[in-house]
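Here's the structure we're looking at; comments come further down.
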Amino acid sequence: MIDRPEDATTTPSTGHEWDGIRELDTPLPRWWLWVFYATIVFAAGYCVVYPAIPLLNSATRGTSGWTSRGQLATDMAAAEATRAKVTAALATTPIEQVDPKSPLMAAAIEGGRAAFRVHCVQCHGSGAAGSVGYPNLNDDDWLWGGNLATIHRTILHGVRQPGDAETRASLMPAFGRDGILNPAQISDVVSYIRLISQQDGPSAAASRGQVLFAENCSACHGAEGKGSREFGAPNLTDKIWLYGGDRDALTATVTTARAGVMPAWGQRLDAATINMLAAYVHSLGGGEQ
Amino acid sequence: MAHPERPGGRRAGLYARRPDIFPRKIDGRFRRLKWAIMVITLAIYYVTPWLRWNRGPYAPDQAVLVDLAHRRFYFFSIEIWPHEFYYVAGLLVMAGVGLFLVTSTVGRAWCGYACPQTVWTDLFLHIERFVDGDRNAQIRLRKAPFGPGKIARRAVKHGAWLLVGMITGGAWIFYFADAPALARSLFDGTSPRIAYATIGVLTFTTYVLGGLMREQVCIYMCPWPRIQGAMLDERSLTVTYKDWRGEPRSHGVKRAEAGTEKVGDCIDCMACVQVCPTGIDIRNGPQLACITCALCIDACDQIMAKIGRPRGLIDYATLEDCKQEAAGAPPVPIRRTLLRGRTFLYFGLWGAVGLAMTFALGARTRLDLQVAHDRNPLWVRLSDGSLRNAYTVKLRNMEARPRDVSLSIEGLPGGVMWDSMSGEAGAGRTLRLTIAPDQVEQHRLYVRAPGEGGAKEPFVFVVRALDDEPASDREETRFDRPEAGQ
Ligand code: SF4
Ligand code: SF4
């Protein structure tokens, strides 16, 4: 065998050698060099046409006028345009008249999901599960009603919002603070509520509380304590408590009353978005017909 | 920078012009093998998209189809979904190990015969010869001044190359859409723009790589020769010039015949160099630029026949055998060099991956279920004190026909489920559904269960086909309840 490693390629070596391996000095092909020059020319052209060279507070503008913000605006406008038909339909059709199995409803729910993330999660939580004082929107218990139309109205006009004539409004008296009931009476009422919500058994206190309840509470919460959506008065016999169902929480509620608020979103959002939010909230599992 | 050593005294520049290569036409056993392989590989490439395969009314009838829009890959009776991409990964592993296997048995045979770069370059060389004539005519034409004749020939040649490039690109797109329909729309100009763009790009790359770049792709761009450098050992087949037989070279047949001095078999006719498509001299020893196309063997065999010497002065041989032969042992039959540990190891690996994939393909179920438990919120308390969890269930019907299935829950006493779209009125422990052919259907399911029970109670979703072909899949998930104190 011929043992002439660098001869096999007839290329001279650079003279560098590591463990008997010699580095060849292969020249670049000429076209490769031209490609390299071409990339330089391209880069120069690019710097002229596009914003490229950073200055102190800005950068060169480029002759094409392209900017990343402009690109974003174009893309957003394009996205808006593709959505335009859906948005227009949702802005004019009452949400309860949209076929629940239609693609329009599916689009409304998805749009609502996005809008909810922006406007609602601060109080209701990212899973719409609420927390103390902020209703869970996934369950089957509704203060003001759980069909599409009532949900829509609640979102549109808000709860206890000044400046909106149709806002959801009702006021629970602060029975303790305002001296309507004394602490012993309040304790009796709480015992009665614990009885009808099947948390405690019958007792003398509960019997006394039943009388007080009929006089003071049944106007809004109903004779049986099942609540009234007309007044946003919660059902006191179920297992869902907005402010807690233990004695302490109930005592605090009866003593000082509760009055949650929610913005009237009609003052801030467009009709389509409010329809979408209603559709989304309705889709969370507790929506009624 | 000063270079300390320059053997041969040649100063290499920083860049150099590509030397012109005009490979001479040659015939012989390896050339004929190359023809055969070229015909077979090109036929596979061009014909495959036109093969039909009946899959029923709900699936395309193209035997091999990469359906990007619907994310399916059809290969005869096999249909691969995106989530089964590991089959493709397995094929790639097999291709990789297969290359090792080929290398350990027959060296760079891939490079010499089957690589698309080699096949298309070969095709382009034949076109060039057809238009310009063989090597000498090509050299004359190259030196000739530009005139009408030369310009015409050049135009014909490059035109033919571009045409081949276009047909190459054209065939490629048929793998991605229904070939007959696409072909029709191509000609009446209604194909999607991407089809024309792809043809354009592939026309350009085929023309540049096969017509203009040729051996430079192998020498400068392709990683495979570098990997080969590490793969080859002294027992790999390479194309080798048997210098102990050929040296010292005699210049011209006459002197060899005169027999006055001791000369080798090589008469320095340069035939091996002239036929080489990468323009190298194999007599310098094995080298990266040699793609082992074996055309120099054919060339040299012709010369040996003419001067009445045995064939195989240049031949496939392993370095180890060369040493033995040089020491006087008889040539080793190629068959023997194939049987060695490495070969068996690679073949075993290759076969194992293949078998595993065949087995997995045979055993895979075409109905499947995936369950994702809603994490936010984990559970919802309902007015009556019971709890509700939500699940996103994906049902996959991978058959090309609609299927009636039942979806049930197993475990979770007292639990019922309903589809979010149909409402709680239809709640039960089993739902009946029809899944469209070749589709994934996503259902959001609500499951309600009593408020008392384990905080993370396991239960199972089961899907069963209701038609006569049994198929089922199950996935365990859990029903979440509030932890104590919540
Ligand atoms: S070196 Fe690379 S491109 Fe050239 S023939 Fe071999 S595999 Fe193909
Ligand atoms: S040296 Fe021989 S085998 Fe290698 S590329 Fe050239 S002709 Fe082909």
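The values are calculated or read from the model by the stated rules, or taken from the named source; none is laboratory data. The shown structure was predicted, so the numbers you read here are calculated from the model rather than taken from an experiment. Glycine gets a Cβ as well: all are built from the backbone with ideal geometry, and neighbour counts include every protein chain shown.
Of the helices (runs of 4 or more DSSP H) contained entirely in segment A:48-165, those carrying at least 2 residues that are among the small types (Gly, Ala, Ser) and out of contact with any Pro (no Cβ under 7 Å at 6 or more places or on another chain) fall at A:68-92, A:103-119. Looking only at segment B:283-302, filter to residues that are more than 14 Å from every other protein chain (Cβ to nearest Cβ) and in a loop (DSSP other than H, G, I, E, B); which one of those is farthest from ligand 1 (Cβ to nearest atom)? Among them, the one singled out is B:294. Taken over segment B:373-402, the criterion of being more than 14 Å from every other protein chain (Cβ to nearest Cβ), part of a loop (DSSP other than H, G, I, E, B) and among the basic types (Lys, Arg) is satisfied by B:401 alone. Please work out if residue B:201 is closer than 30 Å to residue A:32 by Cα, in contact with a helix residue (DSSP H, G or I) (Cβ under 9 Å, 6 or more places away or on another chain) and surrounded by fewer than 20 Cβ atoms within 10 Å (Cβ to Cβ). So residue B:201 fits the description; yes. For segment A:122-129, the condition holds for no residue, the condition being that it is among the hydroxyl-bearing types (Ser, Thr, Tyr) and away from chain B (no Cβ under 11 Å). Would you mind stating whether residue A:208 is charged (D, E, K, R), part of a helix (DSSP H, G or I) and under 30 Å from residue A:263 (Cα atoms)? So residue A:208 does not fit the description; no.
Taken together, the residues in segment B:217-246 that are in a helix (DSSP H, G or I), more than 16 Å from ligand 1 (Cβ to nearest atom) and over 23 Å from residue B:300 (Cα atoms) amount to 0. Against the test of being touching a Phe, Trp or Tyr at 6+ places or on another chain (Cβ under 6 Å) and modelled with pLDDT under 95, the options B:402, B:437 yield a single qualifying residue, B:437. Of the helices (runs of 4 or more DSSP H) entirely within segment B:307-372, those holding at least 2 residues that are touching a residue at least 40 places away in the same chain (Cβ under 8 Å), in the same structural domain as residue B:292 (by TED's automatic domain parsing) and surrounded by 14 or more Cβ atoms within 10 Å (Cβ to Cβ) occupy B:319-326. Considering only residues in segment A:247-263 that are buried (at least 19 other Cβ atoms within 10 Å of the Cβ) and in contact with a Lys or Arg (Cβ under 9 Å, 6 or more places away or on another chain), the one that is farthest from residue A:234 (Cα to Cα) turns out to be A:262. Residues in segment B:360-369 that are under 32 Å from the mean Cα position of the chain (by Cα) and farther than 13 Å from residue B:87 by Cβ were compared, and the one that is modelled with the lowest pLDDT is B:365. Checking the condition within 16 Å of ligand 1 (Cβ to nearest atom), part of a helix (DSSP H, G or I) and farther than 22 Å from residue B:207 by Cβ, which residue from B:125, B:99 passes? Answer to the check: B:99.
Residues of segment B:108-119 that are under 19 Å from residue B:203 (Cβ atoms) and either in contact with a strand residue (DSSP E or B) (Cβ under 8 Å, 6 or more places away or on another chain) or more than 16 Å from ligand 2 (Cβ to nearest atom) (or both): B:116 alone. From the list B:275, B:217, the one residue that fits, being under 16 Å from residue B:21 (Cα atoms), away from chain A (no Cβ under 14 Å) and within 16 Å of ligand 2 (Cβ to nearest atom), is B:275. Taken together, the criteria exclude residue A:273 from residues that are part of a helix (DSSP H, G or I), over 24 Å from residue A:105 (Cβ atoms), polar (S, T, N, Q) and away from chain B (no Cβ under 14 Å).
How many residues are part of a helix (DSSP H, G or I) and either surrounded by 15 or more Cβ atoms within 10 Å (Cβ to Cβ) or touching a Ser or Thr at 6+ places or on another chain (Cβ under 7 Å) (or both) when one looks only at segment B:185-195?
Of the residues in segment B:185-195, 3 are part of a helix (DSSP H, G or I) and either surrounded by 15 or more Cβ atoms within 10 Å (Cβ to Cβ) or touching a Ser or Thr at 6+ places or on another chain (Cβ under 7 Å) (or both).
Has segment A:99-110 got at least one residue that is more than 40 Å from the chain's Cα centre (by Cα) and not charged (D, E, K, R)?
Looking through segment A:99-110, none of the residues is more than 40 Å from the chain's Cα centre (by Cα) and not charged (D, E, K, R).
Would you confirm, using the coordinates I've provided, whether residue A:223 is among the aliphatic types (A, V, I, L, M) and surrounded by 17 or more Cβ atoms within 10 Å (Cβ to Cβ)? No; evaluated as a whole, the condition is false for this residue. The residue of segment B:222-238 that is nearest to ligand 2 (Cβ to nearest atom), among those that are within 14 Å of chain A (Cβ to nearest Cβ) and of a type outside the set (A, V, I, L, M, F, W, C), is B:238.
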